[in-house]
Amino acid sequence: MPSIMPVFCYDEQILHFFLSFSRRMPIETPLFRNDTHRKIVHVDMDAFYASVEQRDRPELRGRPIAVGHADGRGVVATASYEARQFGVRSAMPSSRARQLCPDLIFVEGRMSHYKAVSAEIHEIFRRFTDVIEPISIDEAFLDVTENKAGLTLGVEVAKAIKKAIRTELNLVASAGVSYNKFLAKVASDWRKPDGLCTIHPDRALSFIDQLPVEAFWGVGPATAKRLHELGLDSAPKIRALSLNELIAHFGEMGSILYQFSRGIDNRSVRPERIRKSVGCEETFEEDIRHRALLEDALRRLAEELEGRLARSGFRGSTLTLKIRHYDFTTRTRSISVGTAITDRREILRLADELLDGATIPERGVRLLGLTVSTPVDERQPLLFDLAALPGD
Ligand code: TTP
Ligand code: MG
Ligand code: MG
């Protein structure tokens, strides 16, 4: 077709000009393609355990409640929004929660019941799509680019899901809609509770630019601290660094920061896979030689692991301690008990036992990790590896 030919000729000339020009002047070449055609919904239940309890026990409705052990060493799993007004939060010691809110009502958690409710929520999701990736017991990503309801807009799907959860299960969900997982996740958090927020591709950068870096998915306390130390407290400042500079500072996380700060996240929504373990680890700023400091680290890890186990709903009966020496030699030691390991005190007791039998090199330990494996309840809803994100 003659009308096309000149275009090809021009193209070559333009390419030539472009190459000679770019040799002289650095230009910003997009390193990652930004896939903006997908419709991703992220759903997260509001005050999940507490809302289930308030639904099932009308006398608790409108009251400040905390799900968790009331005793001195217990922690709050979650608090109703009425209790949050007093500053009560997940993972807070129960004694502190009671100080903040003297009228707080403690309710014992019912894990198997929350799992059953989670399964009902998933049944609603499956009316719209099978491409569902659970993140924890109360949240999931859904790819609704093609959906069973034939709806055009992602926000219509999100509204329909919220409505079904409300009318059929008497619970409230927040949803975020966007073209990728990172933005859908941030969006679902934006107007909680009962939130519904859509981030369109043309609004993505202005949205990201107003976020604190802590809101970037996968940025935990350690990465956030490092970002602040480098003066990188917002997306525009992160964008000013090259990919190489970010990788030099943050390793694998650097590439994610590079992409997120440009509104890019091309990871697909991965339908459920069976989780085999839940774990966490800590790399020390300086190698640790003293047993007492290792015990402190185990205490922190046990607390973190207890939270991760609760959030994921995973139940396993083996605890593994990982010890990486100053020279990167890595050893693991495991112990199995007959029942699910869920409680931080039990985790710590077993971990101490494992540490007792381990060799601690004179030049110190670089990293400790704790993992629970060997599922004891195969009916658990499937769960995403919360430890999989790089960074912290
Ligand atoms: P989240 O979704 O983090 O919290 P939430 O649903 O209670 O409140 P919201 O989303 O409205 O902010 O966690 C889901 C459930 O996981 C929560 O209801 C209880 C449990 N959980 C813990 O057991 N320990 C924790 O530290 C956290 C954060 C949650
Ligand atoms: Mg929630
Ligand atoms: Mg959640």
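The values are calculated or read from the model by the stated rules, or taken from the named source; none is laboratory data. As the structure is a computational prediction, the values presented were derived from the model and not from experiment. Neighbour counts run over all protein chains shown; Cβ positions are idealised from the backbone, glycine included.
Below, the figures for the structure above:
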quantity: Qualifying residue in the range 179-186 (condition: free of Cβ contacts under 8 Å to residues at least 40 places away in the same chain and part of a helix (DSSP H, G or I)); calculated: yes
quantity: Positions within the range 360-386 being at pLDDT below 90 and loosely packed, with under 15 Cβ neighbours inside 10 Å, in sequence order; calculated: Asp377, Glu378, Arg379
quantity: Residues within the range 88-107 that are in a loop (DSSP other than H, G, I, E, B), over 20 Å from Phe314 (Cβ atoms) and in contact with a strand residue (DSSP E or B) (Cβ under 9 Å, 6 or more places away or on another chain), tallied; calculated: 5
quantity: Filter result for Ala292 (of a type in the set (A, V, I, L, M), within 17 Å of Arg366 (Cα to Cα) and without any contact (Cβ under 8 Å) to a residue 40 or more places away in the chain); calculated: yes
quantity: Selected residue [modelled with pLDDT under 95 and farther than 22 Å from Pro93 by Cα] from Gly307, Gly357; calculated: Gly357
quantity: Some residue of the range 89-105 being closer than 23 Å to Ala187 by Cα, assigned by TED's automatic domain parsing to the domain that holds Asn170 and within 16 Å of ligand 3 (Cβ to nearest atom); calculated: yes
quantity: Verdict on Asp202 being more than 16 Å from ligand 2 (Cβ to nearest atom), within 28 Å of Ala158 (Cα to Cα) and in contact (Cβ under 8 Å) with a residue 12 or more places away in the chain; calculated: no
quantity: Residue match in the range 296-312 (condition: in contact (Cβ under 8 Å) with a residue 40 or more places away in the chain, farther than 23 Å from Arg73 by Cβ and polar (S, T, N, Q)); calculated: no
quantity: Any chance Asp35 is in contact (Cβ under 8 Å) with a residue 40 or more places away in the chain and either in a helix (DSSP H, G or I) or within 16 Å of ligand 2 (Cβ to nearest atom) (or both); calculated: no
quantity: Number of positions in the range 186-216 that are among the small types (Gly, Ala, Ser) and farther than 17 Å from Lys163 by Cα; calculated: 4
quantity: In the range 120-140, residue nearest to ligand 1 (Cβ to nearest atom) [restricted to those that are part of a strand (DSSP E or B) and not polar (S, T, N, Q)]; calculated: Glu139
quantity: One residue from Leu232, Leu211 being part of a loop (DSSP other than H, G, I, E, B) and surrounded by fewer than 19 Cβ atoms within 10 Å (Cβ to Cβ); calculated: Leu211
quantity: Lone unmet requirement of (1) surrounded by fewer than 24 Cβ atoms within 10 Å (Cβ to Cβ); (2) more than 16 Å from ligand 3 (Cβ to nearest atom) for Asp46; calculated: (2)
quantity: Residue in the range 262-279 that is of a type in the set (D, E, K, R), surrounded by fewer than 21 Cβ atoms within 10 Å (Cβ to Cβ) and at pLDDT 95 or above present; calculated: yes
quantity: Tally, over the range 53-96, of residues that are touching a Phe, Trp or Tyr at 6+ places or on another chain (Cβ under 6 Å), of a type in the set (A, V, I, L, M, F, W, C) and buried (at least 20 other Cβ atoms within 10 Å of the Cβ); calculated: 3
quantity: Of the criteria (1) at pLDDT 95 or above; (2) within 14 Å of His42 (Cβ to Cβ); (3) part of a loop (DSSP other than H, G, I, E, B), which one Thr152 fails; calculated: (2)
